[in-house]
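The values are calculated or read from the model by the stated rules, or taken from the named source; none is laboratory data. All values derive from a computational prediction rather than experimental measurement. Heads up, the Cβs are rebuilt from the backbone with ideal geometry, glycines too, and the neighbour counts pull from every protein chain shown.
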Amino acid sequence: MAAALPDVTGEEVNVWEALREDVQVELEQSQRELREIDMLLEQSQVEVNKLTQRNQTITMHLQQVQSQLDDMPKADIRVAYDAALDATQRLVVMRSQVEKLQSDKEHLDRVIDLLKKIKGALEGGIEAEEDGFGSAEMMIQAQEAERQRLSRQMHDGPAQQLSNFILQTEIAMRLFDVDQDKARSELSNLKGAASTAFQQVRDFIFDLRPMMLDDLGLVPTMKRYVDAFREKTGMDVNSVITGKERRLESYLEVMVFRAVQELLRNAHMHSQATQIKVQIDLSENTIRATVEDNGKGFNPDIITEGPGLGIKLIKERVEMLGGIFELDSGVGQGARISFTVPAEDA
């Protein structure tokens with residue numbers, strides 16, 4: 001027998017009903033997207049199988065060409081190599097597309113599973129505070145949004161480059177028998193691309209969990225991140241850190257770092273700012289962080305009450321730690337976001 005809903009007002013009942021409807025709409029939309037991805041994935045896999053067979057046939061032909069290099073006209077050799085490279089490139093692109101579709105499918109499977117659980121909880125009437133449920137929902141959505149962002153960046157960055165490495169290696173191997181200078185040039189390009197991909201992977205690891213945050217603490221990690229952010233975005237970003245530099249409790253260092261990281265990312269992506277200032281003050285009993293920009297600003301009510309997750313989640317975490325969250329902004333006036341939390345030494 002389902003548990004009874006807690007005593008609520010008519011307005012609260014409407015909120016629960018609206019939430020149920022939103023979850024159902026989102027679930028149906030996700031299921032439609034999943035069906036479309038399944039169809040595209042099936043079609044793409046069929047195309048990959050065809051291209052694989054074609055590539056095998058062309059490879060066999062290329063082996064015959066290699067055995068007759070001395071007797072075959074150069075034009076015929078070039079045609080054979082061009083056909084082989086084209087087939088390889090098409091196969092790499094299609095395999096990359098299949099990998100992207102599989103990643104999207106896995107993400108949607110997780111989202112649908114989560115939505116079904118939320119729907120079941122709502123229909124079963126789990127007795128939970130509305131604010132507590134909203135906080136959990138925001139955290140889950142924020143985690144999924146971050147995972148989706150990193151998945152997309154990994155696919156468009158290192159994963160795509162690794163696919164290109166395969167193609168460039170094939171080109172270099174085949175050019176060694178025809179034009180060694182061009183083969184060396186391809187290998188040089190391959191080395192440069194590998195260095196770029198390696199740096200991107202290091203950046204992703206730093207975004208996921210900077211190891212120096214555990215080893216050195218908040219202040220050195222924050223300085224390193226601001227420097228890297230400035231170099232990556234080309235924006236005028238300055239940081240000022242005052243007070244007694246010391247190690248804090250791990251959960252507090254992570255919370256402050258993630259909050260500043262999210263605020264910097266928001267300012268870069270949405271504010272159209274040209275200057276950003278980061279201030280961190282470690283007093284004896286508190287830590288205060290401020291991110292200020294000269295961008296287009298916004299209506300604070302829209303941010304704190306609207307559908308956005310980042311700033312609302314920061315505010316929620318600050319208040320859970322017994323801190324104070326402050327937001328000062330207006331359309332055309334830039335933005336200044338600050339929070340203060342109790343600081344416990346490690």
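Residue check: Ser151 meets all listed conditions (1) at pLDDT 75 or above; (2) surrounded by 16 or more Cβ atoms within 10 Å (Cβ to Cβ); (3) of a type in the set (Gly, Ala, Ser) but one, namely (1).
With respect to the stated conditions, Lys74 fails to be under 30 Å from Gln24 (Cβ atoms) and among the charged types (D, E, K, R).
When each of Ser96, Ser67 is tested for being surrounded by 13 or more Cβ atoms within 10 Å (Cβ to Cβ) and of a type in the set (Gly, Ala, Ser), the lone residue that passes is Ser96.
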